[in-house]
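All remarks here apply to the structure that follows.
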Amino acid sequence: MQFEVLATCHTTRARASRMTLSHGVTSLPTFMPVATQAAIKGVTPQQVEGLGITLILNNTYHLNLRPGIGVLREAGGAHRLQGWNHNLLTDSGGFQLVSLNKFTTITEQGAFFASPFTGEPTMLTPEESISIQHAIGADIIMQLDDVVSSLTVGPRVAEAMQRSIRWLDRCIEFHEKSGKRDTQNLFAIVQGGLDPVLRDECLNEMIKRHDKVAGYAIGGLSGGEEKDIFWRIIRQCAEKLPADKPRYSMGIGFAEDLLVCVALGVDMADCVFPTRTARFGVALTFNGPLNLKLGKHAKDFNPIDSTCPCPTCKDGVSRATLHHTATHETAAAHAITLHNLAFQARVMGQARDSIMDGTFPAYLRRFFADYFGDAGYPEWCINALRSVGVDLLDGNPDAKVVKGDGAKWEYSDTA
Amino acid sequence: MSHLSLLRFHIQSSPATFSPRLGTVSLTRQSENTSLEVHTPGLIASTSRGVVPHLSGDHTRASEAIRWVHVPFESFLELSPPLPTLHPGPYPTHACLGFPPTKHILTMSLRDPADDRDMPPNGNEFVSALCLRGVRKVTPDEWRDYVLAAQPDVLVALSDIPFTSGSYSQKRITKSIERSASWLANILRPLPGRHVSAGATPHFPNVLVHMAGGTTPVARQAFSRSLLEPLFDKEAEAIKPLNNLDQGVAGYTFDLAPLHKSLSPTTAHTATKNGPVAAIDLFSAPPAPSVIEQVVSLIRTSLEPLPATKPRFVHSASSPHEILALIRDVGIDLFDAHWAQRAADIGVALDFVFPAPTTGGVSDAAPREIGHNFYDKQYSHDFSSFADTLRSCSAEQDDKRPSCVCMACAPSRPSEPLKHSRLDEAPPLHPPVPYTRAYMHHLLHTHEMAAHTLLTLHNLAVLDTFFAGVRRVLSEQPEIFSQEITRFEQIYDGKLGVLAEARKTWTEVSLARGKGRLAREKEKLKQDTLGTAVELN
Ligand SMILES: [Zn+2]
Ligand SMILES: [Zn+2]
């Protein structure tokens, strides 16, 4: 991997950079759409490529179950299987193992679970996870970590953090011996729950492995914790992580979360949210999400966003037409998915340009004013951005501010 | 209605009323300065809720097979007034549904021609149509207003096809004929304020009539004759300057779904007073050869007295075998692709060509299937492209098979990738690689919607190539056409066993995904005859 920081924001910790992997260049900060089972739901790789997306995510846990490592090896890896010629990242499978399998038990050796197909006891070790990710062949691969919910408290959090460090060492060792280091880049995952002391300990240890890892992820968040704690942990991790490696915040996808994370120094993020919400008929815009199922869109012949370059908006597909087809026709899911992927890419693309131009703080203020101006600014965003020198309310002291997570939503009017 | 332009049909050679014919349908759009041409025999893509199922707009446009779309109007009755009638600007339905007028001819009918489920009876002054909110009564005047506002290129006049259970009495059949004729007369009344310039008509220019009479030959005959009878008095006054109804008709259309249903004795149907609730029958087999023969005979009865110069449309034909019989024995010009699109819904990639392949010693083997059920385990490690009879973009140069130009067999990037910042570099172009059966198998078993997208694009391309093969034989060696059909019937299984197999696995996999999943699929099939439920998880 080549990683080059091209510009840093004069005020916040945001940076624009260029990451070169085996399947091309991806400029950062970027959002990675999730193709869980080797497909972004409803759209073809050619369409994803057409949207200007150069890095997507596959889930190791799912691909290991289906189509299985045998098929992946025969295909020549996941890129070939799904016809995706650009960069690809795989997670370690650990998170899905814990979230999708009730009976997973963690031992020092690895994660022990019953195969969902055969019921047979199965073990996912750090070595096995890396080995599967080698067969998948992603450009970026993740260490197996000991995942606990971000709401877990007590000694289990410290144990999971410390075990994640030990598992990182096993992943590093296995990966180095495999001879795949030139083509596949291993990322460490910082754990430690919501405890700044544990996070700090984990950071110290993982930073010691600096020369053996290609980048760092911040894990163990986005699990329902308070946003005020979330951003503080992100800030703590991003601040301490070395500047010469990319930083990846896992499971982040709301536009406001993305921009706060970027301002705190994060380079990459992934989430199923924009594609999933599309299937329910919700289109993302710079003025907030639109629930196209609402009756108020039934006769609205405007496109979702007339300034959007996605195929759906460029074709002039109207909100009214999408209202008619959304949740009934897969074609509507595809059309809104294309738009939402383009929206995420635009939010991050504009972040890159404004960082290069030295106007990122102004971009933040403009984005939040457009997105939350009428519904009210989430207080946590104001606090988070203040911590890196940007006051969203600057020049707008009377703006409405809302407590809580502040996610903006159009609620359904039918059921 | 200044944008309505006349559909022209040119038959290259037509020695007899009932013989295979080569033709060209053309539609010139003066305002767009384009002329659309569709060669016949050819296909019309079916839509559900106004879209070709599984295809986003860029895919629909990129598909060379989709030149003509058929849009059932009934789903739009959910909104009052219906959506396509509200869309601003020229070509409102095209614009509303994302079919560029420069690329697509658009036909509109009130009802989905593939929907043969029981419905509450029609009345003297209304047709019962189905939308998400239940049954809606649509009067001939309303239909006229709707199409006047929606401006499809081609419209199907309302007709009275009984969709109630049981056999129909003489009285009911007579009524059906009378209603259909009077509703046709209604739509042929001159349009308000339409300029009658050279070549233009004072009424809707492109009205198709569905040929009524059901399975009763006498009734079909009577309906056809009624189109030719000169009208008098008030009736004549209403459709002036037309002398009879047929003069105002641009083509004849036949919905096979109700005929198949009536002629297939095994199907039992229960009456529903309060509207259709049954899901579309997933397990209905294609009609037996004897049924196809009867269909041919019934259609010939209808067409016999009528001019042979007008295009003939068939909806819901259910196999290539039936299509070939209707081309050979009737001279049908256009067929909807509903069955091929339905195959894509249930995981089948079509794989057949006309003329049937001559190599491979197929004659002595068991009949070939017309496609592949990619749910089947045998495809899990199969990295070849979708079809054996067609070549993909990675085939050798000297490969003599016809090529499949679909986006699965010959993927291409829709356009130059977007750039979202000036740091973004155009990614290197890679030579396209066809999608594989193993990948489809994976996508189907993981319920990934992209499987149906690729299969739809492929199946439409296969059917389009099939029609191109039919036209080539008709143009170059018409004398062997009949014998090529016989060979096709010998080589390809006319029972479409692969579809039956796929329906079974489709249901099993849906069920394996959970009861909720299957319930949503069933719900979808109550609403539409095409498409699958949106995968929400
Ligand atoms: Zn858009
Ligand atoms: Zn194909």
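The values are calculated or read from the model by the stated rules, or taken from the named source; none is laboratory data. These numbers come from a predicted model, not from an experiment. Every residue, glycine among them, receives a Cβ derived from its backbone with ideal geometry; neighbour counts consider all protein chains shown.
Tabulated data
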{"item": "Filter result (touching a Lys or Arg at 6+ places or on another chain (Cβ under 9 Å) and closer than 28 Å to A:Thr20 by Cβ) within the stretch A:192-211", "result": "A:Leu203, A:Ile207, A:His210"}
{"item": "Single condition B:Lys103 does not satisfy, out of (1) farther than 29 Å from A:Thr312 by Cβ; (2) surrounded by fewer than 20 Cβ atoms within 10 Å (Cβ to Cβ)", "result": "(1)"}
{"item": "Any hit, the stretch B:23-42, residues being within 14 Å of chain A (Cβ to nearest Cβ) and either outside any strand (DSSP E or B) or buried (at least 17 other Cβ atoms within 10 Å of the Cβ) (or both)", "result": "no"}
{"item": "Any chance A:Phe367 is among the aromatic types (Phe, Trp, Tyr) and without any contact (Cβ under 8 Å) to a residue 24 or more places away in the chain", "result": "no"}
{"item": "Test: residue in the stretch A:396-403 that is touching an Asp or Glu at 6+ places or on another chain (Cβ under 6 Å) and either within 8 Å of another protein chain (Cβ to nearest Cβ) or under 30 Å from B:His452 (Cα atoms) (or both)", "result": "no"}
{"item": "Some residue of the stretch B:404-427 being closer than 26 Å to B:Ile491 by Cα, more than 13 Å from chain A (Cβ to nearest Cβ) and part of a loop (DSSP other than H, G, I, E, B)", "result": "yes"}
{"item": "Breaking point among (1) assigned to a loop (DSSP other than H, G, I, E, B); (2) facing chain B (nearest Cβ under 9 Å); (3) touching a Lys or Arg at 6+ places or on another chain (Cβ under 6 Å); (4) not β-branched (Val, Ile, Thr), for A:Asp300", "result": "(2)"}
{"item": "Residues (at the interface with chain B (Cβ under 8 Å from one of its Cβ atoms) and more than 16 Å from A:Thr277 (Cβ to Cβ)) located in the stretch A:303-324", "result": "A:Pro309, A:Pro311, A:Asp315, A:Gly316, A:Val317, A:Ser318, A:Ala320, A:Thr321, A:His324"}
{"item": "Test for A:Leu284: is it touching a Pro at 6+ places or on another chain (Cβ under 9 Å), farther than 22 Å from A:Gln162 by Cβ, outside the structural domain of A:Met356 (by TED's automatic domain parsing) and not β-branched (Val, Ile, Thr)", "result": "no"}
{"item": "Filter result for B:Ala410 (without any contact (Cβ under 8 Å) to a residue 12 or more places away in the chain, within 16 Å of ligand 2 (Cβ to nearest atom) and within 25 Å of B:Leu43 (Cα to Cα))", "result": "no"}
{"item": "Whichever residue in the stretch B:500-535 is among the acidic types (Asp, Glu) and in contact with a strand residue (DSSP E or B) (Cβ under 6 Å, 6 or more places away or on another chain) and, among such residues, is surrounded by the fewest Cβ atoms within 10 Å (Cβ to Cβ)", "result": "B:Glu501"}
{"item": "Test: residue in the stretch A:314-321 that is under 30 Å from A:Asp91 (Cβ atoms) and either surrounded by 24 or more Cβ atoms within 10 Å (Cβ to Cβ) or away from ligand 2 (no atom under 16 Å from the Cβ) (or both)", "result": "no"}
{"item": "Any hit, the stretch B:458-468, residues being within 16 Å of ligand 2 (Cβ to nearest atom) and surrounded by fewer than 18 Cβ atoms within 10 Å (Cβ to Cβ)", "result": "yes"}
{"item": "Candidates A:Phe117, A:Phe112, A:Phe103, filtered to the one that is not β-branched (Val, Ile, Thr) and not in a loop (DSSP other than H, G, I, E, B)", "result": "A:Phe112"}
{"item": "Per-region count, the stretch A:16-30, residues more than 7 Å from chain B (Cβ to nearest Cβ) and either closer than 15 Å to A:Val266 by Cβ or surrounded by 17 or more Cβ atoms within 10 Å (Cβ to Cβ) (or both)", "result": "8"}
{"item": "Residue check for B:Val470: of a type in the set (A, V, I, L, M, F, W, C), in a helix (DSSP H, G or I) and over 28 Å from A:Thr44 (Cα atoms)", "result": "yes"}
{"item": "Residue list for the stretch B:378-399, restricted to those being more than 17 Å from B:Pro432 (Cα to Cα) and either within 16 Å of ligand 1 (Cβ to nearest atom) or more than 26 Å from the chain's Cα centre (by Cα) (or both)", "result": "B:Gln378, B:Tyr379, B:Ser380, B:His381, B:Asp382, B:Asp398, B:Asp399"}
{"item": "Flag if A:Thr330 is buried (at least 21 other Cβ atoms within 10 Å of the Cβ) and in contact with a His (Cβ under 6 Å, 6 or more places away or on another chain)", "result": "yes"}
{"item": "Candidates B:Arg391, B:Arg342, B:Arg368, B:Arg401, filtered to the one that is among the charged types (D, E, K, R) and touching a helix residue (DSSP H, G or I) at 6+ places or on another chain (Cβ under 6 Å)", "result": "B:Arg368"}
{"item": "A:Asp374, sole failed condition from (1) buried (at least 22 other Cβ atoms within 10 Å of the Cβ); (2) away from chain B (no Cβ under 14 Å)", "result": "(1)"}
{"item": "Residue in the stretch B:457-473 that is modelled with pLDDT of 95 or more, within 22 Å of B:Glu369 (Cα to Cα), among the β-branched types (Val, Ile, Thr) and touching a Pro at 6+ places or on another chain (Cβ under 6 Å) present", "result": "yes"}
{"item": "Helices (runs of 4 or more DSSP H) wholly inside the stretch A:309-415 that include at least 1 residues being among the aliphatic types (A, V, I, L, M) and either away from ligand 1 (no atom under 15 Å from the Cβ) or at pLDDT 95 or above (or both)", "result": "A:319-325, A:330-357, A:360-372, A:379-386"}
{"item": "Search result, residues across the stretch A:327-337 that are more than 7 Å from chain B (Cβ to nearest Cβ) and closer than 20 Å to B:Pro92 by Cβ", "result": "A:Ala332"}
{"item": "Criterion (within 12 Å of chain A (Cβ to nearest Cβ), touching a residue at least 24 places away in the same chain (Cβ under 8 Å), more than 30 Å from A:Ile355 (Cβ to Cβ) and away from ligand 2 (no atom under 16 Å from the Cβ)) met by exactly one of B:His381, B:His338", "result": "B:His381"}
{"item": "Within the stretch A:342-397, tally of residues that are of a type in the set (Gly, Ala, Ser), within 30 Å of A:Thr312 (Cα to Cα) and under 22 Å from the mean Cα position of the chain (by Cα)", "result": "5"}
{"item": "Test set (1) within 14 Å of chain B (Cβ to nearest Cβ); (2) touching a residue at least 24 places away in the same chain (Cβ under 8 Å); (3) of a type in the set (Asp, Glu) - A:Asp270 fails condition number", "result": "(1)"}
{"item": "Single residue of B:Tyr492, B:Tyr435 found to be within 12 Å of chain A (Cβ to nearest Cβ), away from ligand 1 (no atom under 16 Å from the Cβ) and buried (at least 20 other Cβ atoms within 10 Å of the Cβ)", "result": "B:Tyr435"}
